[in-house]
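J.: Please read through the structure below; I'll follow up with questions.
The values are calculated or read from the model by the stated rules, or taken from the named source; none is laboratory data. As the structure is a computational prediction, the values presented were derived from the model and not from experiment. Heads up, the Cβs are rebuilt from the backbone with ideal geometry, glycines too, and the neighbour counts pull from every protein chain shown. Heavy atoms of the whole protein, side chains included, go into the accessibility calculation; ligands, DNA and RNA do not. Shrake-Rupley method; radii C 1.70, N 1.55, O 1.52, S 1.80 Å.
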Amino acid sequence: MTETDWLADGFEEHRRRLRGIAYRMLGSAAEAEDAVQETWLRASRARAGDVDNLGAWLTTIVARVSLNMLRARKTRNEAAYGVRLPDPVVSPYAELQPEEQAIMADSVGLAMLVVLDTLTPAERLAFVLHDVFKLPFDEIAPMVEKTPVAARQLASRARRRVRGASIDSAETDLARQREVVDAFFEAARSGELEQLLRVLDPAVVLRADFGPKHRDRSGVIRGAEEVAGSAFSGAQLAGAIVIPALVNGAAGAVITVGGRPFAIMGFVVAHGRIAEIDAFADPPRVRQAAAAVLT
């Protein structure tokens, strides 16, 4: 076996893990794939035959590629138009493809990605690599140009942010999630305010991303009554159909209007009520993410 063949076989063996790291770092399935491809290009140009631990070496490359992409994004300030939610991974209900299962492993829900987006690039890398992928700080430190002690501090700060934003007792049973989400849509369509309020947590948060062309419509709505009002207006769209789906491994929905994808909604359910809603209505991103459900 040539060195090229050995590297190609090893890369394919680690590809799913590399995509998982990149997705957590970038919050975008498309950018994660770009990072993995760039990792392959860099690895194929290097002297891989001298590498003792291929997995660790590839992890270092994809982490640095993702870090550079994240820093470039922050410099361009792409999120300046308001709320920009991470790209969702949408699958037919109760069905995840193998590559999607890799992304979904270790509880990488939308709520987690939203919190990760608030971290600095270095904090995000330290947290993802240590807390999710169990890399030691002496391996993480060179990637962020810090000492191991400083890298530990980065991860600690990130961990506090993540814990502070986490939903206590979030429902993990998919069938129970589906039951609550279905009740939400039923109440929204019926126009029964009291019924809808019963299914919403009093402190529910709705994050809506309509994309850069409709930045005035993007934003965050807090509180059951305010979210209920928004839900009622959305449910009245003529020809709207709700298609159950998995959104980052949790119960969600793809909304079509006139047979075309209009929105994607992801939910966090806790204590039998909806605690968070993430709504995507950026047309190109919705079309791409919803394709797995609609085709």
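J.: Using alpha-carbon positions, what is the distance between the centroids of the range 255-295 and the range 187-219, in Å?
T.: 12 Å
J.: A further question on this structure: Rounded to the nearest 20 debye, what is the charge dipole size of the chain about its Cα centre when +1 sits on each Lys and Arg Cβ and -1 on each Asp and Glu Cβ?
T.: That gives a dipole near 940 debye.
J.: State the answer as a single residue: which of Leu294, Val115, Val149 lies farthest towards the positive end of the charge dipole of the chain, with beta carbon charges of +1 for Lys and Arg and -1 for Asp and Glu, about the Cα centre.
T.: Checked the options; the winner is Val149.
J.: Can I get the semi-axes of the range 210-289's equivalent ellipsoid? Compute them from the C-alpha gyration tensor as square roots of 5 times the eigenvalues, in angstrom, largest first. Each step should come with its number before you reach the end.
T.: Values: eigenvalues 74, 50, 36 Å².
Semi-axes, largest first: 19, 16, 13 Å.
J.: Right, something else. Quick one: putting +1 on the C-beta of Lys and Arg, -1 on the C-beta of Asp and Glu, what dipole do you get for the range 181-295 around its Cα centre, in Debye to the nearest 20?
T.: Values: 11 positive and 12 negative charges, 92 e Å.
Here the size comes out at about 440 debye.
J.: Give the average over all directions of the projected area of the C-alpha convex hull of the chain, one decimal, in nm².
T.: 16.2 nm²
J.: Here's something else I'd like to know. Quickly work out the Thr4-to-Arg73 label distance, labels modelled 7 Å from Cα along the C-beta direction, and quote it in nm with one decimal.
T.: 3.3 nm
J.: Apply 1/(1 + (r/R0)^6) to the Cβ-Cβ distance of Val132 and Glu33, taking R0 = 25 Å, and write down the FRET efficiency to the nearest 0.05.
T.: 0.85
J.: For the chain, with all protein chains present and a 1.4 Å probe, just round the carbon and sulfur fraction of the accessible area to a whole percent. List each step's numbers first, then the result.
T.: On the way: 7280 of 14370 Å².
In the chain, the share of accessible area belonging to carbon and sulfur is 51 percent.
J.: Once the Cβ-Cβ distance between Arg42 and Gln288 is put in as r, and R0 is 25 Å, what FRET efficiency do you end up with, to the nearest 0.05?
T.: Calculated value: 0.40.
J.: Nothing charged except the Cβ atoms of Lys and Arg (+1) and of Asp and Glu (-1): what's the magnitude of the dipole of the range 1-60 about its Cα centre? Round to the nearest 20 debye.
T.: Dipole of the range 1-60, to the nearest 20 debye: 240 debye.
J.: Per residue, how much accessible surface does the chain expose to a 1.4 Å probe? Answer in Å², no decimals. List each step's numbers first, then the result.
T.: Values: 14370 Å² over 295 residues.
Each residue of the chain exposes 49 Å² on average to a 1.4 Å probe.
J.: Another question, if that's okay. Among Phe185, Val89, Ala281, whose Cα sits farthest toward the positive end of the charge dipole of the chain (+1 at Cβ of Lys/Arg, -1 at Cβ of Asp/Glu, about the Cα centre)?
T.: Working it through, the farthest residue towards the positive pole turns out to be Ala281.
J.: Rounded to the nearest 500, what is the chain's calculated 222 nm mean residue ellipticity when only DSSP H runs of at least 4 contribute -39500 (n - 2.57) each, over all residues?
T.: Result for the chain: -16500 deg cm²/dmol, rounded to the nearest 500.
J.: Follow-up. Any chance you could run the full-extension gain for Arg198 through Asp50? It's 0.36 nm times the residue separation minus the Cα-Cα distance, nm to one decimal.
T.: This chain segment gains 47.1 nm when fully extended.
J.: Put a dot 7 Å past each Cα toward the Cβ at Val149 and Arg176; how far apart are the dots in nm?
T.: My value for the distance between the label points is 4.5 nm.
J.: Among bridges DSSP assigns within the chain, what percent are antiparallel (round to 5)?
T.: Rounded to the nearest five, the antiparallel share is 85 percent.
J.: Which of the listed residues, Ser218, Phe267, Ala231, is farthest toward the dipole's positive end in the chain, when Lys, Arg count +1 and Asp, Glu count -1 at the beta-carbon?
T.: Ser218
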